[in-house]
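Worksheet: the structure to be examined is printed underneath.
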Amino acid sequence: MNYKNKIWSKIWRNLIIWIAIIFAVFPILFIIGTSFNPANSINTTQIFPGNPTLENYKSLIVGENNTFLIWVWNTLKISFLTAGISVFLCSLAAYSFSRFRFKGRRMGLLTILLVQMFPQTLGITAIFLIMTWFNDKIPFIGLNTHAGLILVYLGGAIGMNTWLMKGYFDSIPKSLEEAAYVDGATSFKAFRAIILPLARPILVVIFIIQFIGTYSEYMIASTLLKGDKMYTLAVGLRLFVGQHYDDRWGPFAAAGVLGSIIVIVIFYSLQDLIFSGLTGGAIKE
Amino acid sequence: MEKKFRKYILKISIFAMVDALVLFFCIMFILNDDIIISSIIFVVTILLNWLGFSKKSYPLRYLLPGLTFMIAMVVVPIGYNVYISFTNYSTGHIVSKDQAIKNFMNREYFPENGKKYDYIAYGTPESLKYLLLHSENDEDTLVDMEGNVLDFNEIKHSYDDSGFPGNIDNFYVLDQKEIFKNIKELQNLKITYLNGWLRLGTLREFYYYIPQYTYDSKKDILIDNKTEKIYRVKNAQFVSDDGEMLDPGWTEVIGFQNYIRLLTTEKYRKPFFSVFLWTIEWSVLTVFFSFVIGLGLALLLNDPKIKMRKFYRSLLILPYAMPAFISLLIWRYGFYNSDFGLFNKILNSMFNITIPWLNSPGWARFSVILTNVWLTFPYMMLVSLGALQAVPGNLLEAARIDGANGFQRFRKITFPLIMISIAPLLIGSFATTFNNFTVIWLLTEGNPITGIGNVSGATDILISYAYKLAFIGKAGNELGLSSAVAVVIFLIIVTISVLSFRRTKVLEEVADEL
Amino acid sequence: MKRIILLVTLILFLVPAILLATEEGKLIIWADDTRAPIFKEIASSYTEETGIEVDVFEMTMDDITEQIVTASPAGEGPDFVVGAHDWVGRLVLNGSIAPIDLPEDIIEQFDPVTIDAMSYGGKLYGVPYSREGVALLYNKDLVPEPPQTWRELVNIAKELTDTSIPQYGFLVEYPYPYNCFPILSALGGYVFGKNPDGSFNLNDIGLDSVGMILGAELIDWLIEDGLMPEEVPWETMTGLLSEGHLGMVITGPWSVPIAEKGGVNVGVAPIPDICGQKPKPFVGVSGLMVNAYSPNKAIIQDFLLNHYITNEVMMKIFEMDPRPPAYLPTFELVKDDPVMNAFAESISNGISQPNVPEMSLVWNIWAEAMTMIGNQTMEPYEALEEADMKLEEIMKGNE
């Protein structure tokens, strides 16, 4: 009886997973199909074109659209730095909210989340004007610099991530740090040596979330960056379609496929860090 | 003890050095007339010093780095938007008054039978020294690079064989490439002449220009030099007495007018409520379904007994990894199109039915939610996976021994624990979805329409409605008005969130007890 | 700690690499994806001639029109934008572009329609290089001879249409009214009436003119008979066209390369007469516009007069983007190109698309009316009359 139950549970689990995978992947298949299409259009009559070609991929790597490679490099650079720095900033902020009790703590927590709720679509002009001001005073973080763009992203990265991280820190028992304080450690040392290692799963998750978020951001990047050598992937790709003259659906889809493969590879290699050893079980001792 | 003391000395000396440096920069900036930046730096430094030495500042020490970015890049733009909502910012009224006046001052005209001069430039390859201007029927004029007219005879010069002044003051004639190297300097040169000035008209010639307008700052009027017409300020624009308006006008604070317009104009107010309801519906359903799917998958894939978990997880992350605007266009044109889309093609061939995915209000709402769930569930899966790592395995084990079944363990232990960190995120996601312009715009643009000339379509959420409001004016944008809507949206969403947060307080206290 | 040091050094490394400043004495051009490569060519030959650097930035059209408004007064704008003439009204209102002074004898060398299109309030705001408009594009393998009359066109459409493949005999992008305007205008439909001096009379809105309603009726019949879907977005149209499942389509020169890439044997002909009346497509004009705040006025003037407005450059533009040149000396030289000539013939009957800023509002409401006609909620006369009424209300200023 028990054995039979186990089999059934295994079957339905796998079934659910596979249904979810099909749901997740079938639109992507359509994009892959388009990326092999020699005509620069979305396929309307079949998913995979009758006469597939690698031309679109070739044009991205060695052909007319090879600024693609620069865009990928720019995007990776910006996304890595943004994600890395924002994990650092968020963990500091989250630590403060989780471990110290100070005046305005709840208000502060609430505020950093609430200000993220302003509809950004209408706030872009202001960001542009701020960056123009930087441009005059401190040109290397002004308009059309990747450093400036990273600064803008960092501003928006604090809210939700800090909450997620604070929640995680809350579940790490304070007794561990108290022991360290007895040994004469400063709070920063306790944070670095005890909290951060234990919180690794959430740090990695936030890194990935921030990475992907930055990777596909369009609106801010397109306002601040000028010139196809400076563009990120999302801004560059937008040039391929969406204007009524010369849509390049083929290269567009191919670039989308290559771009998301990069993200998948990064996720695939980082996800071990979320789960390794499942230390989560140990911290509640 | 000695080590601690040494550290302390080190700290003090580092701070002292930084402070000295800052002081130096402050003075430099003040000398440069940059009072604002100088005082910002000054205040920030004092704050840093306080942070470094006061025990009370401990929490802030950790918060400040993140907060700085947030204030600069999030709070300031919000402030700016609030300001815009109190102005007449719209097509034709976008620049400041100074900029508009500068625009008019830049306008000049080339008088009838106006003169043109070709020129010879003298100097070294690095810099220009003199220009010899030449025009038909006129004597040649020598000027220096400050625009002063010089007496040709007072300066040493020599003629070459053809009687051409090949050398002036030991500077020789520059060729075109050499001139163009200094084009910036040449372009800025304005030589006062009669009522106007001579300036570079094309690269090869100087033209005589007369400024078209004179601005009288005392009376705040603009005078057309050619026609002598007077333009006075009216509604943030220069207008002549016979009603001729000069473009551009400028931005001006107009108080609550945008808000009043929003409240009193039937056409804007009426759709607001139905759009609002649909926006709530759209956000709640999206967050609910994507969270249920995401959490469910996270639970399944957190189980070490499932083989190839790593591979499955990577596949499931795909909708999130593909830039959204690519997949949204594929959904719109590849799947939902009622005549050629994949969905209808399959349904048509199998059951002979056609569904108006994006063309009937009900189906369109269903479709946008479906697509948005597809886009967001991987995010929910990711955060759930992260949060699940904080659930202590031994607690679950103990419950199991006590005879709790899988569902009970989930309900009593896992779920409350992960909700501590996830509940605020759900509220955050709710807000993000509430304002998710991109998805609506790329999928439906708010359509299907509900009638000709109605601003809102069936799938318009508040933010896309605000965006459309910005473009309904007679001509171009009404950004002032749409900023007012943005502020209203912000207030609504903040209220909703604050109300929901009352509940999370309870959750946090649970955490403290554990 | 080590990691932090690593991070800091990494940042210090990256920062200098991404410095990039805009400066005086150098031209900057903003252009969209089709035009940017052309202007990069032109720019590099200008740099060769004069040593003055020219940067061409590729952006989407929406970004160009939106960003020039804020960027220019802040000193971050381009010197030139390459754009379509229907931007002119809006950009002038915002003070973003400056009038251009050209000698009379040079202006006379352009097709007067194009100069007209680039002018606003009696001043010239752009130097045109091409005219464009729609014609009947057909797949020679499906339609050997282009139809001469509307009746013939409908017959061919009936013959070729088979929705199970799907294949269509005739399509036009719908409901956005730009491409189907020739059908709406053939029998006398118009958008704005004209004043005696040739400017647009914004009080005379023609959405409910008899010609417009009759034209819409023709399209409505196609939809009712199943010869055309109720909605034809650009993506669908180009998909069917490039896969060889579309017989005829009213579209512009921009669709030709797409069809050819899909291996379609493309022919271009004027749009067939409707009841003996010539369809009148909208004529669009592309050209260079000048930023009002540019510090480089002299270089701009020189670039225009001594480089851009020359047969050599105009020819180069045509070679890279074969649309009927606005510069007549160049147009004379390339008259033999059959595809270009067919488009030129089609737009020779055309009317210039209004460049007043009110147009964006008109497009919206007009498209809504066409949607209601397409999905059979309203009859053409109902929909267009309502659209006309709504427009008049807004124009009068009572919302």
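Being in contact (Cβ under 8 Å) with a residue 24 or more places away in the chain, over 20 Å from C:Glu386 (Cβ atoms) and within 24 Å of the chain's Cα centre (by Cα): is that true of C:Pro175 here? Considered against the rule, which asks whether it is in contact (Cβ under 8 Å) with a residue 24 or more places away in the chain, over 20 Å from C:Glu386 (Cβ atoms) and within 24 Å of the chain's Cα centre (by Cα), C:Pro175 comes out as no.
Of the residues B:Ala486, B:Ala511, B:Ala466, the single one that is modelled with pLDDT of 85 or more, in a helix (DSSP H, G or I) and facing chain A (nearest Cβ under 9 Å) is B:Ala486.
Within the range A:134-142, can one find any residue that is crowded, with 21+ Cβ neighbours inside 10 Å, closer than 24 Å to A:Leu92 by Cβ and small (Gly, Ala, Ser)? There is no residue in the range A:134-142 that is crowded, with 21+ Cβ neighbours inside 10 Å, closer than 24 Å to A:Leu92 by Cβ and small (Gly, Ala, Ser). With a requirement of 2 or more residues that are under 14 Å from A:Thr82 (Cα atoms) and either touching a helix residue (DSSP H, G or I) at 6+ places or on another chain (Cβ under 9 Å) or modelled with pLDDT of 85 or more (or both), the helices (runs of 4 or more DSSP H) lying completely within the range A:167-217 that satisfy it span A:200-215.
The set of residues in the range C:348-361 that are over 16 Å from the mean Cα position of the chain (by Cα) and within 14 Å of chain B (Cβ to nearest Cβ) comprises C:Glu358, C:Leu361. Restricted to the range A:126-142, and to residues there that are in contact (Cβ under 8 Å) with a residue 60 or more places away in the chain and more than 9 Å from chain B (Cβ to nearest Cβ), the residue that is nearest to B:Phe490 (Cα to Cα) is A:Phe128.
Specify which of the listed residues (B:Ser283, B:Ser327, B:Ser314) is within 26 Å of A:Ser216 (Cα to Cα) and modelled with pLDDT of 90 or more. Checking each option against the conditions leaves just B:Ser283. Looking at the range B:141-183, which of the residues that are within 14 Å of chain C (Cβ to nearest Cβ) and loosely packed, with under 15 Cβ neighbours inside 10 Å is farthest from B:Lys115 (Cα to Cα)? Ranking the qualifying residues of the range B:141-183, first place goes to B:Lys177. For the range B:20-96, the helices (runs of 4 or more DSSP H) that sit wholly inside it and include 2 or more residues that are among the small types (Gly, Ala, Ser) and over 23 Å from C:Thr70 (Cα atoms) are B:35-53.
Cβ contacts < 6 Å: first residue within 7 Å of chain A (Cβ to nearest Cβ), restricted to the range B:389-404; second residue assigned to a helix (DSSP H, G or I) and buried (at least 18 other Cβ atoms within 10 Å of the Cβ), any location; separation 6+ or different chain. Result? Note: pairs meeting the criteria are B:Gln389/A:Pro201; B:Gln389/A:Gly280; B:Ala390/A:Tyr168; B:Ala390/A:Gly280; B:Val391/B:Thr414; B:Val391/B:Leu417. Regarding B:Phe351, is this residue more than 7 Å from every other protein chain (Cβ to nearest Cβ), under 13 Å from A:Phe30 (Cα atoms) and out of contact with any His (no Cβ under 8 Å at 6 or more places or on another chain)? Taking the combined requirement at face value, the residue does not satisfy it. Do you know which residues across the range C:374-383 are closer than 14 Å to C:Asp208 by Cβ and either within 10 Å of chain B (Cβ to nearest Cβ) or not in a helix (DSSP H, G or I) (or both)? Correct list: C:Met378, C:Glu379, C:Glu382, C:Ala383.
Considering the range B:164-204, the residues that are in a helix (DSSP H, G or I) and without any contact (Cβ under 8 Å) to a residue 24 or more places away in the chain include one that is nearest to C:Asp101 (Cα to Cα), namely B:Gln187. Of all residues in the range A:261-285, those that are within 18 Å of B:Val383 (Cβ to Cβ) have Cβ atoms under 6 Å from Cβ atoms of residues that are at pLDDT below 85, 6 or more apart or on another chain, in A:Val263/B:Ala321; A:Gly280/B:Gln389; A:Gly280/B:Ala390. It is to be established whether one or more residues within the range B:46-58 are under 26 Å from A:Met160 (Cβ atoms) and facing another protein chain (nearest Cβ under 9 Å). Within the range B:46-58, one or more residues are under 26 Å from A:Met160 (Cβ atoms) and facing another protein chain (nearest Cβ under 9 Å).
Screening the range B:312-356 for helices (runs of 4 or more DSSP H) wholly inside it with 3 or more residues that are over 24 Å from A:Ala234 (Cα atoms) returns the ranges B:342-351. For the range C:102-118, state whether one or more residues are surrounded by 18 or more Cβ atoms within 10 Å (Cβ to Cβ), more than 20 Å from C:Glu312 (Cα to Cα) and in contact with a His (Cβ under 6 Å, 6 or more places away or on another chain). Among the residues of the range C:102-118, at least one is surrounded by 18 or more Cβ atoms within 10 Å (Cβ to Cβ), more than 20 Å from C:Glu312 (Cα to Cα) and in contact with a His (Cβ under 6 Å, 6 or more places away or on another chain), which makes the answer yes. Kindly establish whether B:Phe53 is surrounded by fewer than 13 Cβ atoms within 10 Å (Cβ to Cβ), of a type in the set (Phe, Trp, Tyr) and not assigned by TED's automatic domain parsing to the domain that holds B:Arg204. In short, yes. For B:Lys11, the conditions (1) farther than 29 Å from A:Phe102 by Cβ; (2) of a type in the set (Lys, Arg); (3) surrounded by 11 or more Cβ atoms within 10 Å (Cβ to Cβ) are fulfilled apart from (1). Restricted to the range C:308-351, and to residues there that are polar (S, T, N, Q) and in contact (Cβ under 8 Å) with a residue 24 or more places away in the chain, the residue that is farthest from C:Gln277 (Cα to Cα) is C:Ser346.
Of all residue pairs spaced 6 or more apart or on separate chains, none has beta-carbon atoms under 9 Å together with a first member in the range A:150-166 that is at the interface with chain B (Cβ under 7 Å from one of its Cβ atoms) and over 22 Å from B:Gln389 (Cβ atoms) and a second member that is outside any helix (DSSP H, G or I) and hydroxyl-bearing (Ser, Thr, Tyr).
Taken across the range A:64-71, residues that are surrounded by 14 or more Cβ atoms within 10 Å (Cβ to Cβ) and over 30 Å from C:Ala36 (Cα atoms) do not occur at all. Restricting the range B:272-310 to residues that are hydrophobic (A, V, I, L, M, F, W, C) and at the interface with chain A (Cβ under 8 Å from one of its Cβ atoms), the residue that is nearest to A:Phe267 (Cα to Cα) is B:Leu301.
Considered as a group, the residues in the range A:112-133 that are under 12 Å from B:Ser483 (Cα atoms) and hydroxyl-bearing (Ser, Thr, Tyr) include one that is modelled with the highest pLDDT, and that residue is A:Thr125.
Listed by position, the helices (runs of 4 or more DSSP H) inside the range C:249-336 whose residues that are away from chain A (no Cβ under 14 Å) and over 30 Å from B:Phe110 (Cα atoms) number at least 3 are C:311-320, C:328-333. Applying a threshold of 6 Å to beta carbon distances and a minimum spacing of six or more residues, or different chains, the list of pairs starting in the range C:219-242 at a residue that is within 11 Å of chain A (Cβ to nearest Cβ) and ending at one that is among the aliphatic types (A, V, I, L, M) and in a helix (DSSP H, G or I) reads C:Thr238/C:Ile258; C:Leu241/C:Ala259; C:Ser242/C:Ile258; C:Ser242/C:Ala259. Number of residues in the range C:320-337 that are of a type outside the set (A, V, I, L, M) and over 12 Å from C:Ser130 (Cβ atoms) equals 5.
The values are calculated or read from the model by the stated rules, or taken from the named source; none is laboratory data. Please read these numbers as outputs of a predicted model, since none were measured by experiment. Reconstructed Cβ throughout: ideal geometry from the backbone, glycine too, with neighbour counts over all protein chains shown.
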